[in-house]
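Values in this text are rule-based calculations from the coordinates and carry no lab data. As the structure is a prediction and not an experimental result, all values here were calculated from the model. All Cβ positions, glycine included, derive from the backbone under ideal geometry; neighbour counts span all protein chains shown.
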Amino acid sequence: MDSMTYSNFGYYKPQDSDLDDAEKWAFPFIEGSQFRAINVGIDEPACQVNYEDWLPGPDIWWSMNHDEVHVVTKGRAEVEYWLAPLMQENKQVIAEVGDVYFLPRGARIRWRVLGDEPFRHLCICYPNPGYPVPKAKSVGGGLTDPPETR
């Protein structure tokens, strides 16, 4: 009999300083690319939430083996996608501050950062893909306490 694994409650108030101080990395297989990422303390079986900056430079290509929702908080990017199973549906959008978009598993994605500022977004992945992203400094060893209920 299968047992269900439950996740914990998670809360995080996005803090730009967490990301501004994060180490820069290169995307795998994309020479000259740079990004910063931190985990917001939500790293549960059901979901992983990361705060990310993709810096201007080469296009970022990725394939999705899980579902993701992105919430854009700074900058702009052209997002082009091809949908599984045959990658025949192909479209592109311009994602900017305040936009939310969904990337379904199996999709092939290309991001092109537009302008000189980073493309900053919350990346909500489910189920948890296990990206090896360090925790935000503001989170420390555990979750940020939620605000008091009123």
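Here is how the numbers come out for the structure above:
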read-out: MRE, 222 nm, helices only [DSSP H, n ≥ 4, -39500 (n - 2.57), over the chain, to nearest 500]; value: -500 deg cm²/dmol
read-out: Cα gyration tensor, region 33-83 - rounded (a/c under 1.5), prolate or oblate; value: oblate
read-out: Alpha carbon convex hull of the chain, volume per residue in cubic angstrom; value: 149
read-out: Taking the chain and dividing mean pair separation by its residue count, relative contact order in percent (alpha carbons under 8 Å, at least six apart); value: 30
read-out: Under 13 Å, Cβ to Cβ, from ALA95 - net charge with Lys/Arg +1 and Asp/Glu -1; value: 0
read-out: Around HIS70: net Lys/Arg minus Asp/Glu count, Cβ-Cβ under 13 Å; value: -3
read-out: FRET efficiency, LYS13 to ASP59 (Cβ-Cβ, R0 30 Å, nearest 0.05); value: 0.40
read-out: Set of region 99-129 residues, backbone N closer than 12 Å to the point 7 Å along the Cα-Cβ line of GLU78; value: 110-115
